[in-house]
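Single-structure report; data block below.
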Amino acid sequence: MELFFMTLTTGIMVGGIYALVALGWVLIFKCSGVLNLAMGELTLIGAYVTLSFYSMGVPFVLSILCTLIIGIVLGILIERIFLDKLIGEPILAVIMVTVGLSFFLKGLVGFIWGTDTRVFEPAIFSLKPFTIGFLKISIVYFWSFVLAIVLFLVFVAFFKYTRWGLSMQATADDETAALSLGVSARFVYAASWAIAFMAAGVGGALLGNINGVNISIGYLGLLVLPAVVLGGLNSVPGAIVGGLTIGILQNFAGTYLDGFFPGGVKEIFPFAFMAVFLLFKPYGLWGWIKIERM
Amino acid sequence: MSRVWLPCGDYHQRYTEDQGWWQTNVIKGKMIFLLLIVFVVFPLILDEYWIGVANMVGYTALGALGVQLLIGYAGLITLGHAAFIAVGAYTSTLLILKFPWPEFILNLGLAYPISILVAAIVAGLWSVLFGLPSARVKGFYLILTTMAAQFITVDFILTQYVSKIGGRGQAFSLPPGTIKIGPWAMETDLQVYFVMITLLTLTIIMMANLLRSRVGRAWIAIRDNDIAAETLGINIIWYKLLNFFVAGFIGGIAGAFWVCNCAALSPEHFPWFLSLWLVGVILIGGAGIDGAIFGSIFMVVIMELLQMASIPLGEHYPRILFDFAFIKEMAFGLAICAFLIYEPRGLSYRWWQIKNYFNLWPFSY
């Protein structure tokens, strides 16, 4: 029973980070219709940039802020250079541009920072877990979760209460109507990439605190896909629920199924789950069902 | 689009001529000339290194043909084709190494050819298994299922279970002389080249014939508008699964060919990168069978040239040599982006334009 709850809490904590990155993914899809396979590389860049600032002696919170700023700049640049020209192109073209982008960014990261695993030195969070009742929670996980939730709330508030957020929501809802009301679609696309880059960057930095920073953080970008499919591609609450669910499922698979299928069941389970889930509920929990007519 | 316009003055009198294998005698001559070049001239003039490059081109082309069939002819976007190539390679290897072949088959050297066929069929069936969701979903959701196929097959089943058969660690080693076709053991690159070019020619003939039959027309109809195709009485689920089967079949052939080109087989030969690489190849190559071939030649040769250029540069900047893998990734990524943005119809479109210019000359209006 203790094992069960331990697995559950770890799952929720890691799921918080997944949810944050999934939020960025859903945002891009909602606002500009781009299915982004480069999310993993965005997290990778976030993790490495934070690490670089931190090892230069900048305090952790400040280096996260710097990462956010660099994320905004890179997000806008990428949108302007690569994706601006592809609005309205077939789905394969858009997806493959993001794939090309992901190769480019991954190569760039490897070229600049190398392949060795690096850790945040000195460690930001102490390794000693704290205890609630019988639950032992690692401090890294706890603070990552808290930070993910805080950022998530900030993003939600941004969408609900600011002018820019409202115009982004309007574009996602009906692009033509938003255009006629004077919302600049190009601005919204750029903003959605900037925000997605920010979310992914922070997610990468947090994950880097847990496992150390290396090229495999990019795997997070693939794990986001089961999460968004589960929640529905264009649903923000869906992204959160999906992220948390995938985190929990992944940890349960690692704890309970590993005995039956030794090896990498933890890494594979979200994808196997997704493949089966798609057979039964292809539009996810809250996604829009597209009805096709001739 | 892949159909060439006929030269001035040439025209068809019957519908069967429209679907003809060779449209004119000139085309027939050109094709026979091409076959002569690849079967006779290339082996004579190319040195060992470039024969090796040609083998890589052939392997990429075999893989890309399967992807072209799925993406280019049925609109089923796949990002997991390396899984089916891997299934083909592993089936073939396991058959060669573990299957108790009767003595006379071994003596005749038929084990490897039979294993190619079996590998292709197994890979095709495996591909149908992961094509099943295509009955319900399409577009982005189908991409996700094919990605799941890649991770489940290569990273889980092959790495964790199949590789451990025999308990010799991760890789199956294929000692020289294990792979025999008839009396010849596959030892030099030149012999591998002949296997490659034979398989490639047969695959292209099979695919081209399928595409000009009812099956191919049904696939194209599904690609263009699946709902309209359904109202025309095409059983779209059956044809989609058939497409997955044939694509997997070609992937299996590619995998089984890869076995004779390498000394040891490990799951690392079939990463997700390979799947994406193959899609990149057909995007750069463009539509049609010739698109897949052009794309493979272009990508493999460009990467070889990049590698050659990095050696003199590396004397001044040694980092370039160490980090060549990253440079290759960056170049590949940029090439895909640049082609999609500036040359979305690929290389085969340019080739088509050039051909038409000469076919229609001097009355090109």
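The values are calculated or read from the model by the stated rules, or taken from the named source; none is laboratory data. All values derive from a computational prediction rather than experimental measurement. We place every Cβ from the backbone using ideal geometry, glycine too, and count neighbours over all the protein chains shown.
Every listed requirement among (1) more than 7 Å from chain B (Cβ to nearest Cβ); (2) over 16 Å from B:A335 (Cβ atoms); (3) hydrophobic (A, V, I, L, M, F, W, C); (4) free of Cβ contacts under 8 Å to residues at least 60 places away in the same chain is met by A:I81 save one, (2). When residues in the range B:307-343 are screened for being closer than 22 Å to B:I51 by Cα and either polar (S, T, N, Q) or buried (at least 16 other Cβ atoms within 10 Å of the Cβ) (or both), 3 of them pass.
Yes/no matrix, rows are residues, columns are (1) of a type in the set (S, T, N, Q); (2) more than 14 Å from chain A (Cβ to nearest Cβ); (3) surrounded by 16 or more Cβ atoms within 10 Å (Cβ to Cβ):
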site	(1), (2), (3)
B:K98	no, yes, no
B:I114	no, yes, no
B:A123	no, yes, yes
B:T145	yes, no, yes
B:F156	no, no, yes
B:K164	no, no, no
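Which condition does A:V61 not pass, out of (1) modelled with pLDDT under 85; (2) farther than 27 Å from A:N251 by Cα; (3) buried (at least 24 other Cβ atoms within 10 Å of the Cβ), if it passes all the others? Going through (1) modelled with pLDDT under 85; (2) farther than 27 Å from A:N251 by Cα; (3) buried (at least 24 other Cβ atoms within 10 Å of the Cβ) one by one, A:V61 breaks only (3).
The number of residues in the range A:104-121 that are more than 7 Å from every other protein chain (Cβ to nearest Cβ) and crowded, with 17+ Cβ neighbours inside 10 Å comes to 4. Test A:F260 against the criterion of being of a type in the set (F, W, Y), without any contact (Cβ under 8 Å) to a residue 40 or more places away in the chain and more than 11 Å from chain B (Cβ to nearest Cβ), and give yes or no. Against the criterion (of a type in the set (F, W, Y), without any contact (Cβ under 8 Å) to a residue 40 or more places away in the chain and more than 11 Å from chain B (Cβ to nearest Cβ)), A:F260 qualifies.
A:K128 satisfies every condition listed in (1) within 27 Å of A:T10 (Cβ to Cβ); (2) without any contact (Cβ under 8 Å) to a residue 24 or more places away in the chain; (3) within 14 Å of another protein chain (Cβ to nearest Cβ) except (3). Against the list (1) surrounded by fewer than 19 Cβ atoms within 10 Å (Cβ to Cβ); (2) at pLDDT 85 or above; (3) in contact with a Lys or Arg (Cβ under 9 Å, 6 or more places away or on another chain), the condition A:R163 fails is (3). In the set A:V241, A:V265, A:V183, A:V276, which member is of a type outside the set (D, E), within 14 Å of another protein chain (Cβ to nearest Cβ) and in contact with a helix residue (DSSP H, G or I) (Cβ under 8 Å, 6 or more places away or on another chain)? Unique residue meeting the criteria: A:V265. Residue count for the range A:152-178 under the criterion of being basic (K, R) and either closer than 16 Å to A:N234 by Cβ or in contact (Cβ under 8 Å) with a residue 12 or more places away in the chain (or both): the result is 0. Checking A:L101, A:L35, A:L74 one by one, the residue that is under 30 Å from A:T176 (Cβ atoms), modelled with pLDDT of 85 or more, within 17 Å of the chain's Cα centre (by Cα) and at the interface with another protein chain (Cβ under 9 Å from one of its Cβ atoms) is A:L101 and no other.
In the set B:G9, B:G20, only one residue is outside any helix (DSSP H, G or I) and loosely packed, with under 11 Cβ neighbours inside 10 Å; that residue is B:G9. A count restricted to the range B:111-139 and to residues that are more than 22 Å from the chain's Cα centre (by Cα) and without any contact (Cβ under 8 Å) to a residue 60 or more places away in the chain stands at 3.
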